[in-house]
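Written below as structure tokens is the structure these notes are about.
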Amino acid sequence: MARVFPQAGVSSPYMSTERETFTVWMKSLVYQTNGLTVYNSNGEITYRVENYDKSSNEVHIMDLHGNILFTIRKKKLWFFGSWYVYRECETLSSTEEVKPFVKIKRSCVRDGDWEVRDETNEVFWILRFDPKFAFQIIDVHGNIIAKVKPKQSSNGVILGEDVLTLEVKPRIDHSLVVTLVTVYGLIKGIV
């Protein structure tokens, strides 16, 4: 089974042997819809999310060409919700439930943070730092997998609340990290 954040050799177009920095614009490419657009360090669009209906319980993470990489579904449980992430190759239907690749739920151990559990039962954490949108994704040992923070110009000026910098550690699946950024955006009501 593939791991959520593989540490092995790079065999995916969604991983790199180098640390990667992305710009996340918390806006859709489609006029008047919610979503986000992710640009690589060359300014090219690499991922996008179009959320046509903010009340929908399902959102898709796509590459530049509109190919669905992951599907996020919100599950409501009493007062708390959790988020299930499915791979693009898994067929989702209303009559049959496919096992999620990743589950995200509010942490009962870390107040205000979110627990990420993959299909192999490995645990990661989304740790919030700012009431707006700064956070880190760490593994169970406290190693930083990825960081999200407001983007700053070379002069140190923050470019707005909807423009973020995403830094991803080498040999980490950045498509899945973008998916976790999207889930956090859904949790915060931004996406």
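The values are calculated or read from the model by the stated rules, or taken from the named source; none is laboratory data. If you're wondering where the values come from, they're calculated on a predicted model, not measured in any experiment. Using ideal geometry, Cβ is built from the backbone for each residue, glycine included, and neighbour counts are taken over all protein chains shown. Each accessible area value is taken on the protein alone, full model and side chains, heavy atoms only, with ligands, DNA and RNA left out. Shrake-Rupley method; radii C 1.70, N 1.55, O 1.52, S 1.80 Å.
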Shape metrics for region 117-189, restricted to C-alpha atoms - Rg then Dmax, Å
12.9, 44
Ranking by accessible area, most exposed first, for LYS27, LYS147 with a 1.4 Å probe
LYS27, LYS147
Just subtract the alpha-carbon distance of ARG106 and ASN143 from 0.36 nm times their residue separation and send over the number in nm, one decimal.
11.3 nm
Per the 1/(1 + (r/R0)^6) rule, R0 = 35 Å and r from the Cβ atoms of ALA134 and VAL98, FRET efficiency to 0.05 is 0.60
Per DSSP, the loop-located chymotrypsin sites (Phe, Trp or Tyr not before Pro) within region 13-65 having at most 11 other beta carbons within 10 Å are TYR31
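At 0.36 nm per residue, and after removing the present C-alpha to C-alpha distance, how many nm does the segment from ARG19 to ARG73 gain when stretched out fully?
Details: separation 54, 0.36 × 54 = 19.44 nm, distance 2.91 nm.
Result: 16.5 nm gained on full extension.
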